[in-house]
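Working notes, beginning with the structure itself.
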Amino acid sequence: MRLFEAIIDANHRAVAGDTTAGLHPADYADELPVIALTCIDPRLNAFFPNALALPADQFIWLRNAGNIIFDPMSSMTRTLALACAVKGGREIAIIGHTDCLVCRTTALQLLDKFKELGVERHSLPDNLNEFFGLFSSERQNVIKAVDIVRHSPLIGPKIPVHGLLLDIETGKLDWIVNGYQTLETTGSQLREPVAGPIGQGMQALGNFNIGEMKFPETKIGEYATKAEDWLSKQAGKIETGAAETIGKAAPVAESVQKIAGQVVEFAGKERSRPPEMAEPPPMPPKIPMPPPIRPKIIQPRNKR
């Protein structure tokens, strides 16, 4: 079970009343910390990061109005990318929530609210819906944001991007987009054959089997024997040439043969020498597992 699978399981069990539901973050150290983008709604303050059963130091919390992502190269996408590259975020979650005020606000209502704040229409962009990212469905807004982040060149291809929706009344998390499945689908698409000459070349590489590679079966002792033969031949050449020109060829040949004998002796010693074994490091002391973190589901008293 991966991190968000365990998070959703613990959350649903806690909402159902299971007081033993929880999560051991130490079991998922390779998938932490988590980067989460949520709305700025203050009602969410009571839920995170407890709704995910995560410690605060493993939860990188980013927020904007409506948890909206506009563009693969937007400032919010840049922030997500830096959270991964600089802060070490391993997984991303775009988390919307029910009863979102941005979702329930129309362009005309937005104009009236700005007018109450002293902002006139001519000071605002022409296309209010596009500029402010107004949307009519919390679920579709999360799906759109996940798709933009997943296809952003700033986000690494190995980072899962999940989409969730929090019920503001119960604290239940619904998994809208499973980032693990998206990664598997993307990987399978990359493994599909490519047409054209490039695809033919890749196919030829795909048929390559490293197990079929043949290497010369030469033993270490054979290198020493070949070295001795080569040096002996060279010594013979030197002896013959030196005898014709200088009468001191014998000492030279003897020196060369002596060096050859030393090479053979050294190779034999190195071959028979057992490898040095490093002492194994001492075993670290066993640390008891801390109790699991329980999802904290808070029932709001007054519905806004």
In region 61-76, the residues that are surrounded by fewer than 21 Cβ atoms within 10 Å (Cβ to Cβ) and farther than 17 Å from residue 166 by Cα: 70, 71, 72, 73, 74, 75, 76
Filter result for residue 2 (surrounded by 15 or more Cβ atoms within 10 Å (Cβ to Cβ), among the basic types (Lys, Arg) and within 17 Å of residue 164 (Cβ to Cβ)): no
Strands (runs of 3 or more DSSP E) wholly inside region 1-105 that include at least 2 residues being in contact (Cβ under 8 Å) with a residue 24 or more places away in the chain and farther than 20 Å from residue 135 by Cβ: 34-38, 59-63
Residue 43 being farther than 14 Å from residue 149 by Cβ and at pLDDT 95 or above: yes
Residue that is farthest from residue 140 (Cα to Cα) [pool: residues in region 94-118 that are of a type in the set (A, V, I, L, M) and surrounded by 11 or more Cβ atoms within 10 Å (Cβ to Cβ)]: 111
The lone exception for residue 84 - which of (1) in contact with a Lys or Arg (Cβ under 7 Å, 6 or more places away or on another chain); (2) under 21 Å from residue 48 (Cβ atoms) it fails: (1)
Subset of region 7-24 that is out of contact with any helix residue (DSSP H, G or I) (no Cβ under 7 Å at 6 or more places or on another chain) and among the hydrophobic types (A, V, I, L, M, F, W, C) - its residue that is surrounded by the most Cβ atoms within 10 Å (Cβ to Cβ): 10
Some residue of region 123-139 being in contact (Cβ under 8 Å) with a residue 24 or more places away in the chain and of a type in the set (D, E, K, R): yes
Residues (more than 18 Å from residue 180 (Cα to Cα) and in contact with a Gly (Cβ under 6 Å, 6 or more places away or on another chain)) located in region 79-95: 83
Hits in region 83-142 - residues which are in contact with a Pro (Cβ under 9 Å, 6 or more places away or on another chain) and among the aromatic types (Phe, Trp, Tyr): 131, 132
Output for region 3-33, where each listed residue is touching a Gly at 6+ places or on another chain (Cβ under 7 Å) and closer than 13 Å to residue 293 by Cβ: 10
Condition check for residue 231: at pLDDT below 70, loosely packed, with under 13 Cβ neighbours inside 10 Å, among the hydrophobic types (A, V, I, L, M, F, W, C) and out of contact with any strand residue (DSSP E or B) (no Cβ under 9 Å at 6 or more places or on another chain): no
In region 4-23, the residues that are at pLDDT 95 or above and among the polar types (S, T, N, Q): 11
Residues being among the acidic types (Asp, Glu) and closer than 25 Å to residue 293 by Cα - total across region 34-71: 2
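The values are calculated or read from the model by the stated rules, or taken from the named source; none is laboratory data. Bear in mind that the values here come from a model prediction, so they are computed numbers and not experimental data. Neighbour counts run over all protein chains shown; Cβ positions are idealised from the backbone, glycine included.
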